[in-house]
Amino acid sequence: MTQQRLTFLLEQVQRGQASPSERLELEAWYQQLENRPAFTEGLSSPARQALEEKMFNRIQQGMESEKPVPVRPLGRSWMGWVAGMTGVVALVMLWMYLRPQPESTPGLAVHTQTQKTAYGETRTFTLPDGSEVTLNGNSSLSYPDTWTKDREVRLTGEAYFKVVHTKDHRRFSVITADDFRVNVLGTQFTVSHRSHQTRVVLNEGKVQCLLNEKAEADSIVLKPGQLVEFSRKPEQYTLKEVDASLYSAWKDHKLILRNTSLKELAQVLEDTYGYDVNVEKASLLERRVSGSLPTTDVHVLLAGIAEACKVHIRQEEGRIYLTDQSR
Amino acid sequence: MALLQEGDRAAFELLYRKYWRRLYDSAYKRVQSREDCEEIIQELFLDLWTKRQHLSITTSLDVYLFTALRYKIYNHIRSQLTKRAHVDYVTRLGMPQANLVEDQLYYEELQHHLHESLAQLPEKYRRVYELSRHQQYTYREIAQLLNLPIDTVEKHMARALQLLRLHLKEHLFTLLLAVDLIS
């Protein structure tokens, strides 16, 4: 059979337009190849086993990432959600290719720098290694003047990282207050650790997450555009495909909403802007909106939310009261 | 089959173990590339798993799997042909030995590294791994044999696999590097 004929037949089948005789012709071609040597016959039995295991392990990995993910219990008393993270559990992200860490000499006395943002403020700065960080409102990041070995920073709140890759492949770790760690060599991602949940969104690169529960470990591979979050126990994580830029839009002074509930918006107002949000009735929180709001001026932001969600916003010092507009 | 539909992983594994070789051989005869074959077989089984609840197999499982495979291969060849029109697929098929030996060598090499990695595993993990994978014991049997709780056996096995995966990943990476240097 010629290549053109084969291409034609395959396309006919693909389009669902193949006539019975065309189908038969293709099947006959397929069948005639059955006489070729069987690949695995030529393998030694350990090699065959290696192939069997290799594929099976991959399949199992695939099954893990497709398993239905537990739904985050955001529902109950969201406003009172100040539950601290319990347990010391580490979710460790490793760069795909784990390479040996270079030996390093013990460091001299180093000074720790801390950058802290007020409510509603965002700030971009460069770390000693050239990596760039943007802090969202009500967040802080601590790091030493210089790094002698692995690069480690401590984060509370939310930050966007643009990590540079060093020649000697030094690991970069973000540690949040609950001992959750993100380790990478060079990539772009957002880490958020707020009172109600911890979240990592990967914009660029590829990382493997090891959900480390003491000795036994479970692992997930994060690809660009994937999000991992959990509220208390890292093992009850949620993994989903998202538009990663939505989660880092704040660094460009925008809040992008895609069918976002007022409940989620209220959470942002509490975490990033430090308001105590009160609603007239819980059903208001179910309202959903899409669009883009500027975050440069919090009053404009509030007005935008009021407009989009059809609510009245009354502000009293640090408190916000939401009431239905249609009333 | 009914067990599979309930989401029984052991039943799924049994199916894989029973069919992988015949399916792989069948794919290799038409595709002539180990990477592509691996991908096709992995996809086939993942599909089977994800669609398990919606499957209604009217014929035998045998026929179902091989038909599904045939369509996967059709799709694969078609995309190859359209993607890279210059690749003379049909001519390549005429020389079945071209990749075969190289691909077989790859698995011998892989096996060699697996063996090495296995030797580096802590004793307790290696024992469980070998009983399960080389002597085909079930987890329950291993638990009785080693006098361990069954969930410990499962955890050891998971850990063993994870360590092996890491070792092999490093190995594959060096292989890739080597290729980069040569080319």
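In order along segment B:146-152, the Karplus-derived 3J(HN,Hα) couplings, from 6.51 cos²θ - 1.76 cosθ + 1.60 at θ = phi - 60°, round to 9, 6, 10, x, 4, 6, 5 Hz, and Gly and Pro are given as x.
Largest to smallest in accessible area, the residues B:167, A:111 fall in the order A:111, B:167 (1.4 Å probe, all protein chains included).
Distant-in-sequence amide contacts of residue A:292, defined by a placed amide H-H separation under 5 Å and a gap of 5 or more residues or a different chain, comprise A:257. Checked against a 32 Å cut-off, the cross-linked pairs B:18/B:124; A:254/A:281; A:162/B:51; B:29/B:124 give Cα-Cα distances beyond that limit for A:162/B:51; B:29/B:124.
Here segment A:253-324 yields Rg over Rh of 0.91, to two decimals, using C-alpha coordinates and the Kirkwood radius.
Distance from the C-alpha centroid of segment B:1-18 to that of segment A:7-69: 20 Å, rounded to the whole angstrom. For segment A:245-327, with all protein chains in place and a probe radius of 1.4 Å, 47% of the accessible heavy-atom surface sits on carbon or sulfur.
Straight-line reach from residue A:149: taking Cα to Cα under 16 Å and skipping same-chain neighbours fewer than 8 places apart, the aspartates and glutamates in range are A:103, A:129, A:168.
Buried surface between chains A and B: roughly 5700 Å² of accessible area, summed over both sides, computed with a 1.4 Å probe on protein heavy atoms only. Accessible area per residue was computed with a 1.4 Å probe on protein heavy atoms; residue B:124 scores about 100 Å².
Coupling constants for segment A:123-134 follow from the phi torsions by the Karplus curve (6.51 cos²θ - 1.76 cosθ + 1.60, θ = phi - 60°), and in residue order they are 9, 10, 8, 10, 7, x, 8, x, 5, 10, 10, 10 Hz; glycine and proline get x.
Annotation: amide H of residue A:152 within the under-5 Å range of A:173, sequence separation 5 or more or interchain, hydrogens built in the peptide plane. Across segment B:64-74, coupling constants 3J(HN,Hα) worked out from phi with the 6.51/-1.76/1.60 Karplus curve, θ = phi - 60°, read 4, 4, 6, 6, 4, 4, 4, 5, 4, 5, 3 Hz, and Gly and Pro carry x.
The values are calculated or read from the model by the stated rules, or taken from the named source; none is laboratory data. Just so it is clear, the model here is predicted, and its values are computed rather than measured. Only protein heavy atoms, including side chains, enter the accessible area calculation; ligands, DNA and RNA are left aside. Shrake-Rupley method; radii C 1.70, N 1.55, O 1.52, S 1.80 Å.
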